[in-house]
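Here the structure comes first, spelled out in structure tokens, and everything after it is commentary.
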Amino acid sequence: MTKEIVCVVGARPNFMKMAPILQGLSAHPELRAYLVHTGQHYDEEMSRVFFGELNLPKPDRDLEVGSDSHALQTARIMTRFDEVLEERKPRMVLVVGDVNSTLACSLVAAKRGIEVAHVEAGLRSRDRSMPEEINRLVTDAVTDLFFATSPDAIENLVAEGVPRSKVHLVGNPMIDTLRLHLPAARARRAAAKFGLEEGNYALVTLHRPSNVDQPDLLHRIVRALEALSVRIPVIFPVHPRTRGRIADVGVPSSPALQFVDPLGYVEFLSLQASARLVLTDSGGVQEETTALGVPCLTHRANTERPITNSEGTNRLLGTDTAAIIPAAFEVLDGGAVPPRCPALWDGHAGGRIAAVLHAHLSPG
Ligand code: UD1
Ligand code: UDP
């Protein structure tokens, strides 16, 4: 008998994680994936573009929740997702990452007694002022099957009382997607489109509330980027959360400091792969730069992805904007970094996740 797994996506980083999982599931005819998009992200460049690029199937259901306060957005996802579960009565709900959609759908499933699988379980920043940390903790509190991307995540879960037998170290599905699309990204040569020379520009993404929601801090960050752009051209694809705030800070784009709209996956990967340096607060970008061997400076006080520091190219800067220029110049003055990549970030995580799901749902 076919067993249905309701798979949830909602926000930009979910799409890259889900694509290889769905691909992996397609090798198991006894398992049927039913794809739900919550609609947490909805702009063409924050959502639809990725379906075409990553070969994701059209969602079976779009909950079209849109933006709102955390409480209202989460509540709307929960109400609408509950109707989906009432109708589908799936064997399992699979969520990825740490966004509001992850929390909302796992909670609804658990309340209905439906098993929850969480991909990227166990990551912890230990900073509860981060909305994502609350999402991670609550999701893992109701998860039945835990998929870890790194050994530190297993340690965190076991320390919280999760039986080791429920945790599977499977590698990183986001890096499956990177490895699949890297040849196309290199061939795209996106730098030239923006007037940049390969290997000679800094790429910036910032969207965490802790960086962009305080005008004073954002103002200081933008001043630091201006100073950096005197030494090396800077390109900054601006997340919608950041867009309005940047406008308030009032910075004109110059050839040396370009603000552009959010980019499609292949174009952004193309820019990451040939950047001299990346400055970010994104979770996914910390991992992707590690897999690419590109130096990454993370403008945050902490990271839930410490493996990108210990076994990758990521350096945690803290939140003092005065650290940006010295750290960036140190990278620019330094030599090439030897490429390193965490174990199992090898392009096969989606297949491993599907195999565990198959063994769990169709034992024997
Ligand atoms: C969300 C996630 C964050 C993740 C990020 C990925 C939560 C709590 N936060 O943050 O963990 O790193 O996505 O990008 O789940 N907006 C648009 N168009 C869109 C989507 C959003 O204009 O398609 C604007 C709206 O003004 C909205 C704001 O961006 O209010 C923030 O969107 P929201 O989904 O609430 O949080 P993100 O900052 O995107
Ligand atoms: N990304 C993209 N276009 C952009 C910026 C980022 O396709 O303009 C991709 C990036 O390569 C990674 C993912 O979006 O795969 C990261 O998502 P985001 O930074 O929004 O969320 P986070 O990982 O911080 O939760």
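If you go through segment 29-40 and keep only what is surrounded by fewer than 20 Cβ atoms within 10 Å (Cβ to Cβ) and more than 24 Å from GLN73 (Cβ to Cβ), you end up with PRO29, GLU30, ARG32. Taken over segment 38-56, the residue count meeting the criterion of being touching a residue at least 12 places away in the same chain (Cβ under 8 Å) and either aromatic (Phe, Trp, Tyr) or within 22 Å of GLU267 (Cβ to Cβ) (or both) is 13.
State the number of residues belonging to segment 87-103 that are more than 11 Å from ALA121 (Cβ to Cβ) and within 10 Å of ligand 2 (Cβ to nearest atom). So the count comes out to 1.
Within the option set ALA190, ALA184, being in contact with a Leu (Cβ under 6 Å, 6 or more places away or on another chain) and not polar (S, T, N, Q) holds for one residue only, ALA190.
In segment 223-238, which residues are outside any helix (DSSP H, G or I) and either closer than 10 Å to PHE259 by Cα or among the charged types (D, E, K, R) (or both)? Answer for segment 223-238, where residues must be outside any helix (DSSP H, G or I) and either closer than 10 Å to PHE259 by Cα or among the charged types (D, E, K, R) (or both): VAL234, ILE235, PHE236, PRO237, VAL238.
Scan segment 47-70 for residues that are under 19 Å from VAL95 (Cβ atoms) and surrounded by 14 or more Cβ atoms within 10 Å (Cβ to Cβ) and the total you get is 11.
For segment 4-63, the set of residues classified as within 12 Å of ligand 1 (Cβ to nearest atom) and among the small types (Gly, Ala, Ser) consists of GLY10, ALA11, GLY39, SER47, listed by residue number. Candidates in segment 3-40 are the residues that are within 16 Å of ligand 2 (Cβ to nearest atom) and β-branched (Val, Ile, Thr); of these, the one that is nearest to ASP176 (Cα to Cα) is ILE21. Hey, among GLY284, GLY244, which residue is under 28 Å from GLY312 (Cα atoms) and either within 14 Å of ligand 2 (Cβ to nearest atom) or more than 17 Å from the chain's Cα centre (by Cα) (or both)? On inspection, the qualifying residue turns out to be GLY284. The sole residue among ALA185, ALA148, ALA191, ALA153 that is touching a strand residue (DSSP E or B) at 6+ places or on another chain (Cβ under 7 Å), surrounded by 21 or more Cβ atoms within 10 Å (Cβ to Cβ) and either within 21 Å of ILE353 (Cβ to Cβ) or of a type in the set (A, V, I, L, M, F, W, C) (or both) is ALA148.
Meeting the requirement of 3 or more residues that are closer than 20 Å to GLN23 by Cβ, the helices (runs of 4 or more DSSP H) wholly within segment 155-213 are 173-188. ILE77 meets each of the listed conditions (1) part of a loop (DSSP other than H, G, I, E, B); (2) touching a residue at least 60 places away in the same chain (Cβ under 8 Å); (3) of a type outside the set (Gly, Ala, Ser) apart from (1). Against the test of being crowded, with 24+ Cβ neighbours inside 10 Å and among the hydrophobic types (A, V, I, L, M, F, W, C), the options ALA110, ALA121, ALA159 yield a single qualifying residue, ALA121. Taking PRO183 as the residue in question, decide whether it is away from ligand 1 (no atom under 16 Å from the Cβ) and more than 30 Å from LEU56 (Cα to Cα). Answer is no for this residue. Filtered by the rule that a residue be of a type in the set (A, V, I, L, M) and either closer than 16 Å to THR298 by Cβ or within 11 Å of ligand 1 (Cβ to nearest atom) (or both), segment 198-237 gives ALA202, LEU203, VAL204, LEU206, VAL212, LEU217, ILE221, ALA224, LEU225, LEU228.
FYI, it's all coordinate maths here, none of it is from the lab. Predicted model only: the values in this text are computed from it and were never measured. So basically every Cβ, Gly included, is an ideal-geometry build from the backbone, and we count neighbours across all protein chains shown.
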